[in-house]
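Just so you know, all these numbers are worked out from the coordinates, no wet-lab data involved. This one's a predicted model, so the numbers in the text were calculated from it and none came from an experiment. Note that we place each Cβ from the backbone using ideal geometry, even for glycine, and neighbour counts take in every protein chain shown.
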Amino acid sequence: MIEVTKHTRDVLLQVAKQKRIYVEGSFLKILKAKEGDKEFEEYLQLCIEKDTASRRKRLTITKQVQEQNKKLEEANTINAALVLELQNKVEEVEAAKAEAEQLRDAAIEDLEVMQRRTQYELISTIVRVALFVIVGVGVFTTLMYGLAIISGRDTQIIGSTWSNMFGILLTNAFSIVGTIMGVKYATEKDG
């Protein structure tokens, strides 16, 4: 223990009264008042009480900070887990989006194939019907011309009509086939 000199004692008491600053910490353990100096003993006792209160306050604050740090670490762990989960969800969504785009592209391709097949079927039906009509008119006109020849009637008008009819039918047949082939070529080129 260190006994405090009068000058040091007076300075400590004056600082305490004027500025309310007291000695604290381990230094208090080695200070000793002279025997019979009640004022300095009370000062030292007050310093010890303030130091103890200050240490309790610091300990409480330290515990609060540690508790907050623990909560922050837990929150950080939860946050990291949520970020990881969110990244996984984003990857799942992107994978689902890519799969949906592939399915959409496949559906569009299937639709285009169906449309082309429908167009080809329609074109072949039109060509077949047109050829049947042309052949039917040709056969019918030929039968009429043949009947006129067999019956001995005048075939001059029917002959020229028959000849013109075959020319028109042949021209129409080529026109229909040409138009259909042009449409077919145009749709293939767009695709």
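A few remarks follow.
- With contributions of -39500 (n - 2.57) from each DSSP H run of at least four residues, the per-residue ellipticity at 222 nm computed over the chain stands at -32500 deg cm²/dmol.
- Length-normalised contact order for the chain - Cα pairs under 8 Å, 6+ apart - percent: 13
- Extension gain from E112 to T8, taking 0.36 nm per residue of separation minus the Cα-Cα distance: 27.1 nm
- Contact order relative to length of the range 108-190, as percent, for alpha carbon pairs under 8 angstrom and 6 or more apart: 35
- Crossing angle, helix 38-151 versus the chain [Cα axis fit, 0-90 degrees, rounded to tens]: 0
- Full-stretch length increase - V133, V83 - with 0.36 nm per residue and alpha-carbon distance subtracted: 10.6 nm
- Theoretical gain in end-to-end length, E24 to T52 [0.36 nm per residue, Cα-Cα removed]: 9.2 nm
- Entries of K6/K50; K97/K184; K34/K63; K19/K57; K29/K57 with Cα pairs more than 28 Å apart: K97/K184; K34/K63
- Nearest 10 degrees, 0 to 90: helix 6-19 Cα axis against the chain principal axis: 40
- Helix 156-190 and the longest principal axis of the C-alpha atoms of the chain enclose an angle of approximately 10°.
- Distant-in-sequence amide H partners of V4 (H built 1.01 Å from N, under 5 Å): K32, K34
- Label-to-label distance for E73 and V183 is 7.9 nm, based on points extended 7 Å past Cα in the beta-carbon direction.
- From the Kirkwood radius over Cα pairs of the chain, Stokes-Einstein at 25 °C and 0.890 mPa s returns a whole-number translational diffusion coefficient of 86 µm²/s.
- Each of I176, I78 was scored by other Cβ atoms within 10 Å of its Cβ. Arranged with the fewest first, they read I78, I176.
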